[in-house]
Structures are given as structure tokens and as C-alpha cells.
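Reviewing the structure listed below.
The values are calculated or read from the model by the stated rules, or taken from the named source; none is laboratory data. Since the model is a prediction, treat every value here as computed from it, not as a measurement. Positions of Cβ are generated from backbone atoms using ideal geometry, with glycine treated the same way; all protein chains shown enter the neighbour counts.
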Amino acid sequence: MSVDGRQIEYFMSKYIFVTGGVTSSLGKGIIAASLAKLLQERGYKTTIQKFDPYINVDPGTLNPYEHGECYVTDDGAETDLDLGHYERYLNTPTSQANNVTTGKIYEYVITREREGAYLGKTVQVIPHITDEIKRRMLLLGEDNKFDIIITELGGTVGDIESLPYIEAVRQLKWEMPDDCLVVHLTLIPYLSAAKELKTKPTQHSVKLLSENGLSPDVLVCRTEHSLNDDIKRKIALFCNVTMDAVIEAKDAESIYRVPLEMMREKLDQICLTKLKMGRGKEPELTKWKEFLNKLSFPKGKVTIGLVGKYVELQDAYKSILEALIHAGAVNECKVEVKDIHSEDLTPQNVDEKLKNLDAVLVAPGFGSRGIEGKIEAIKIVRTQKIPFLGICLGMQMACVEFARNVLGHKTAHSTEMDPDTEDAVICMMEAQKTITKKGGTMRLGTYDCTLDEKSKAYEIYQSNFIQERHRHRYEFNSDFHDAFRDNGLVPVGKNPTTGLVEVVELENHPFFIGVQFHPEYKSTVENPHPLFVAFVKAAKEAQELKNSSSKKVAASAV
Ligand code: GLN
């Protein structure tokens with residue numbers, strides 16, 4: 001189709017759109033990822049993309065209070081945290097193209113308008129914005145890379161800002177009726193006073209969708225109680241879907257159970273039938289089930305302190321928490337995460353606050369708030385030989401702590417927090433110094449790193465060459481390289497081209513590793529990240545050691 005000289009290309013893929021109704025936070029991302037997992041298991045090449053209706057060009061500049069964690073892809077896109085779920089479920093990387101925002105759409109359309117691409121026409125939401133949305137919705141179908149592309153639409157039906165997206169889907173469905181499917185996620189609330197499940201909010205949200213010309217093909221109903229056939233029939237009748245397309249999504253104890261629940265409810269089968277596609281092979285999910293089994297029946301428990309300034313926010317450290325769950329399953333132990341607000345830590349209380357922890361993870365972050373608390377925590381874990389993993393800012397603060405308390409540079413700091421420090425152990429990367437724009441300008445995405453073969457990191461990764469994802473502006477100052485190495489905090493991982501220090505580890509410590517990159521982004525159910533696996537293992541060993549020494553003390557007291 002040609003629009004103002006522009007071509008929208010149509011590909012052979014099938015498209016499933018996931019919309020949400022009634023309330024936000026129903027877990028569209030998890031439903032989309034679960035459906036994708038089942039389709040992938042059936043042998044279909046499947047991917048998921050997220051369209052977010054906000055005007056920020058990407059979530060990279062958004063505060064975690066607003067939007068939770070910013071997830072980073074291999075190709076350096078700062079994206080919505082749902083992309084993390086997609087990767088963790090599908091075990092395949094996503095990219096820049098998998099996350100589109102209204103800001104991106106408008107930025108592109110306005111740039112083209114300035115270039116004169118619309119040939120004097122009035123540029124409007126319809127058709128220009130909707131066409132650009134459509135073009136991007138179809139784009140992953142290029143080169144037949146995927147059989148099925150699932151598109152999650154952010155927001156809730158009825159939001160003004162979602163309208164162009166709904167309209168774009170309506171048009172695509174009209175143009176390709178056999179290749180598009182709409183799955184609507186909704187809520188069936190339970191009124192305990194009436195002891196009844198209520199379908200009215202769902203009816204209303206489907207009505208809202210149909211007012212915009214779109215009718216769902218499948219309804220996924222979040223509920224606290226099972227839906228009996230009568231309720232399903234009622235929903236089907238009033239929402240104009242077939243009864244087998246009313247899918248129950250009961251609250252699950254873990255998000256990782258949802259693919260199995262959706263398999264039981266045949267969500268994948270109904271989608272394939274409606275798309276006139278074969279069923280493929282029956283999903284086995286062998287590795288997935290093994291993981292769930294270990295997750296559900298842990299043999300022990302470790303407690304890991306997560307030191308950060310956003311710990312009260314569920315979503316701020318999403319990928320770290322998920323990576324710890326994956327690593328816990330490998331180690332067959334439950335990982336209990338104790339949130340430690342770095343702002344609350346003082347030299348007086350830090351000992352007490354870190355008491356009884358089996359390991360400590362100091363989180364990534366930006367800015368000064370809570371920074372001294374992080375440094376205090378690191379001093380304790382270094383001197384008391386508590387297993388420690390420092391990620392990005394956590395690694396940088398491990399270097400600051402070491403410079404201050406071991407090398408004796410009392411005012412050492414990162415220039416991010418103290419631009420005038422005389423001992424800038426962490427300083428802004430050369431390439432960053434001329435950058436003034438904020439969005440998408442950090443050192444982002446995957447970079448190579450070579451590991452010293454005598455290091456613990458090498459032992460953990462079982463390789464001297466690794467690739468990890470980054471998101472930072474500051475780096476270890478190589479002027480301090482030799483002093484650090486000679487005094488025991490050894491830079492063991494470096495970027496082979498730039499020499500930037502990516503990994504430091506402390507000698508004579510059971511586990512003290514700081515990484516400039518974000519290993520958490522690469523941990524998946526089927527490929528738990530080795531660094532997290534080793535870290536949880538170290539926590540387990542620390543616990544065993546504590547237990548055996550306290551037994552010895554008890555025995556000697558008898
Ligand atoms: N603020 C630090 C930097 O920009 C660390 C960033 C992070 O932890 N992701 O280098």
C-alpha cells in the first residue's frame with residue numbers, strides 16, 4: 001500500500017495483538033510471553049514486541065519510580081521491562097525494533113515532515129501516525145524471520161493515548177483478516193460480599209474496544225477464582241467470542257507457572273486455530289518444568305541483601321530479582337531477598353542491618369542519594385568476607401571503598417558524585433565528555449570482555465571471552481590500575497579494544513566481584529546467568545560455614 005509516497009510492507013507472518021482492559025497491572029507482558037513460549041515450543045519462530053503509548057522516545061530517561069527498571073537489549077536500546085520477560089521466557093534476544101513508543105513514532109513522522117516527505121500534505125494522526133504505527137507493527141515480519149509476531153499494546157483500552165494504536169490494529173485486521181488476531185486481557189473481579197465473580201467490567205471493556213471498531217477474538221480473564229462454564233458462557237455471549245476463546249488466568253504463585261496454566265487452558269491452541277495454523281508439536285517444556293520443580297521444592301534457603309535506593313519499588317530491580325530466582329533454582333535453594341535501603345545505612349547501624357545475611361548485592365544506580373550507605377555496606381562485606389556482587393554502580397562503589405579504606409585515599413570518589421575529587425577512581429568515560437543530550441547516549445548494549453585466566457570470573461564463565469550488556473557513563477580510572485592490582489582488588493576483565501575495566505575481584509575473599517556490566521539482563525529460565533548461579537552458590541557455602549562454626553562453638557560449650 002502506498003501512502004504519500006511511502007510504502008507499508010506486508011509480510012508472511014501472523015500477528016497477534018494483546019490488549020488490556022479494566023485495569024492496568026493485569027500482567028499483559030506475562031500473558032504475551034507465556035503465549036509466545038507455547039507457540040515457540042510448538043515449533044513456530046515467535047517474537048514479541050511492545051508498543052507503549054507515552055511520549056518519551058524511550059524509557060531510558062524515565063525515573064524508576066515512574067516506570068520500573070529500564071531494560072537494555074544487545075543492540076543498546078533502553079526499553080520497557082516487559083522485554084526482559086520476553087527474553088527470560090523465550091531465551092532469544094530482543095532488539096531496538098521490539099519496543100516502540102508514541103514518542104518514537106512522532107519523532108520519525110515529524111522528522112520526515114521536516115524533510116518534505118509528505119509533499120505538502122497536512123500531517124495527521126490518521127493516516128500518518130497510524131500508518132507509521134502499522135509499519136512498525138509489521139516490521140519484524142521482514143525476511144520471514146518470524147512465523148508469529150505478538151504485539152503487546154501498553155496501557156488500558158479507553159486511554160485516550162491508546163486510540164491510534166487500536167485504530168492501527170483495526171485497520172490491519174481489516175486488511176489481513178486471516179493473519180491478525182486480538183487477545184484481550186481482562187479482569188473478572190470477585191465480590192466477596194456477594195460471593196460472586198462479576199463479568200460486567202469485562203463486558204464494558206470489550207464494548208469500549210468495539211466502539212473503536214475492534215472486537216477481540218480471545219479473552220484472557222484474570223481471576224482469583226475458577227470460572228465455571230456458566231460464567232464462561234455468559235462472558236462469551238456478551239463479549240461476542242466463542243466459548244473456547246474464554247481463557248481462565250487464575251492468579252499463579254509464580255509468573256513462571258503461567259505458561260503451564262495457559263497450556264492447560266489451551267490459549268495457544270485456540271490462537272492457532274483462529275489463525276488457521278497447524279498445531280505443530282505438543283509443547284514439552286522439559287527444561288521449564290525442571291526449573292519449576294526446583295523452584296517449588298527448594299532444599300534450603302539463603303538470604304541475600306539487596307542494597308539500593310529503590311528497593312521499595314517492586315519493579316526497579318526486576319531483572320536482578322528474576323536472575324536470583326533462576327540462580328536459586330539451579331542451586332536448589334530459595335533465595336530470599338532482603339531489601340536494604342542504602343539511604344538508611346550509617347557506619348553505626350550497618351553491622352546490624354547486614355546481620356544474618358548470606359550474601360550482599362549492591363545494585364546499579366545513578367546519582368548521590370544513598371551512596372555513602374552503599375560504600376558502608378561494601379566495607380562490611382569486604383572485611384567480614386561476606387559474598388558480594390556489585391553491579392555497575394555497585395562495582396564502582398566497591399572501587400571507591402577500596403581506594404578510601406585500603407589505599408588510604410580518604411576522599412576518593414566517582415566524579416559522578418564528587419566532580420572535584422582529587423582521587424577520581426571512577427571518572428566519566430572520554431567518549432561521554434562531549435555528550436550533552438540525555439536519551440540513549442550512555443555506553444549501551446553489548447560489549448566484549450576478556451577475562452584473566454587466573455581469575456574467579458574465568459572459572460565461573462568457563463571462558464576467557466564474554467559479552468555482556470552495559471548502561472553507564474563512568475568507568476574505572478586506569479591510573480589506579482596497578483595500585484588496585486598490587487593491593488588485591490584485581491581488574492580481571494577488560495574490554496579488548498578500549499582496555500576499559502569491566503570486572504574487578506578481591507583476592508583472599510570467598511566471593512567479591514564487581515562488574516561494570518549488567519549480567520542480570522542475560523539471565524533466562526533456560527540459561528541462568530553463571531555469575532548469579534555462582535553468587536547464590538557462594539551464599540549457600542557462606543551459610544554452611546556459619547552453621548558449621550556455630551555448631552562447633554555449641555559443641556565446645558558443652
Ligand atoms: N551511574 C553510573 C554510571 O553512569 C552507574 C550506572 C549504572 O549503575 N547502571 O556510570
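What residue, among those in region 435-477 that are in contact with a strand residue (DSSP E or B) (Cβ under 7 Å, 6 or more places away or on another chain) and at positive phi, is modelled with the lowest pLDDT?
GLY440
Go through (1) hydroxyl-bearing (Ser, Thr, Tyr); (2) touching a Leu at 6+ places or on another chain (Cβ under 7 Å); (3) part of a helix (DSSP H, G or I) one by one and return the number of the condition SER34 breaks.
Only one criterion is unmet by SER34, namely (2).
For ASN508, are the conditions met, namely being out of contact with any Asp or Glu (no Cβ under 8 Å at 6 or more places or on another chain), more than 16 Å from the ligand (Cβ to nearest atom) and not hydrophobic (A, V, I, L, M, F, W, C)?
Judged against the criteria, ASN508 is a match.
Please enumerate the residues belonging to region 463-489 that are over 30 Å from GLY60 (Cα atoms) and surrounded by fewer than 20 Cβ atoms within 10 Å (Cβ to Cβ).
SER463, ASN464, ASP479, HIS481, ASP482, ALA483, ARG485, ASP486, ASN487, GLY488
Just the residues that are β-branched (Val, Ile, Thr) and in contact with a Leu (Cβ under 9 Å, 6 or more places away or on another chain), please, taken from region 111-150.
Listed by number, the residues that qualify are VAL125, ILE148, ILE149, ILE150.
Which count do you get for residues in region 354-372 that are away from the ligand (no atom under 15 Å from the Cβ) and in contact (Cβ under 8 Å) with a residue 40 or more places away in the chain?
Qualifying residue count for the region: 6.
Sort out which residues of region 286-308 are touching a residue at least 60 places away in the same chain (Cβ under 8 Å) and crowded, with 19+ Cβ neighbours inside 10 Å, and write them in order of number.
TRP288, PHE291, VAL302, ILE304, GLY305, VAL307, GLY308 - these are the residues of region 286-308 that are touching a residue at least 60 places away in the same chain (Cβ under 8 Å) and crowded, with 19+ Cβ neighbours inside 10 Å.
Of all residues being of a type in the set (A, V, I, L, M) and under 12 Å from GLY60 (Cα atoms) in region 426-454, which is farthest from the chain's Cα centre (by Cα)? Just the residue, please.
Once the filter is applied, the top-ranked residue is MET442.
Name every residue in region 337-367 that is more than 21 Å from the chain's Cα centre (by Cα) and assigned to a loop (DSSP other than H, G, I, E, B), in order of residue number.
Answer for region 337-367, where residues must be more than 21 Å from the chain's Cα centre (by Cα) and assigned to a loop (DSSP other than H, G, I, E, B): LEU345, THR346, PRO347, GLN348, ASN349, LEU354, LYS355, ASN356, LEU357, ASP358, GLY367.
Restricting to region 309-336, give me the number of residues that are surrounded by fewer than 22 Cβ atoms within 10 Å (Cβ to Cβ), out of contact with any Gly (no Cβ under 8 Å at 6 or more places or on another chain) and not in a helix (DSSP H, G or I).
The qualifying residues number 3.
For residues that are farther than 22 Å from ILE378 by Cβ and in a helix (DSSP H, G or I), scanning just region 444-489, find the one that is nearest to the ligand (Cβ to nearest atom).
TYR461
Just a yes or no: is a residue in region 375-395 acidic (Asp, Glu), farther than 26 Å from VAL72 by Cα and crowded, with 24+ Cβ neighbours inside 10 Å?
Looking for residues that are acidic (Asp, Glu), farther than 26 Å from VAL72 by Cα and crowded, with 24+ Cβ neighbours inside 10 Å, one finds none in region 375-395, hence no.
Farther than 23 Å from THR524 by Cβ and among the charged types (D, E, K, R), is that true of ARG112?
yes
With the checklist (1) more than 20 Å from CYS392 (Cα to Cα); (2) within 13 Å of the ligand (Cβ to nearest atom) in hand, flag the one item HIS326 doesn't pass.
With (1) more than 20 Å from CYS392 (Cα to Cα); (2) within 13 Å of the ligand (Cβ to nearest atom) applied to HIS326, the lone miss is (2).
Among the numbered criteria (1) part of a helix (DSSP H, G or I); (2) small (Gly, Ala, Ser); (3) within 22 Å of the chain's Cα centre (by Cα), which one does SER556 miss?
Tallying (1) part of a helix (DSSP H, G or I); (2) small (Gly, Ala, Ser); (3) within 22 Å of the chain's Cα centre (by Cα), SER556 fails exactly one: (3).
Being out of contact with any Ser or Thr (no Cβ under 9 Å at 6 or more places or on another chain) and surrounded by 15 or more Cβ atoms within 10 Å (Cβ to Cβ) is the filter; apply it to region 177-197 and report the residue that is farthest from ALA32 (Cα to Cα).
Once the filter is applied, the top-ranked residue is CYS180.
Restricting to region 201-216, what's the tally of residues that are buried (at least 21 other Cβ atoms within 10 Å of the Cβ) and not in a helix (DSSP H, G or I)?
Total satisfying the criteria: 2.
Counting just the residues of region 384-439 that are more than 17 Å from PHE484 (Cβ to Cβ) and outside any loop (DSSP other than H, G, I, E, B), which one comes out nearest to the ligand (Cβ to nearest atom)?
LEU393
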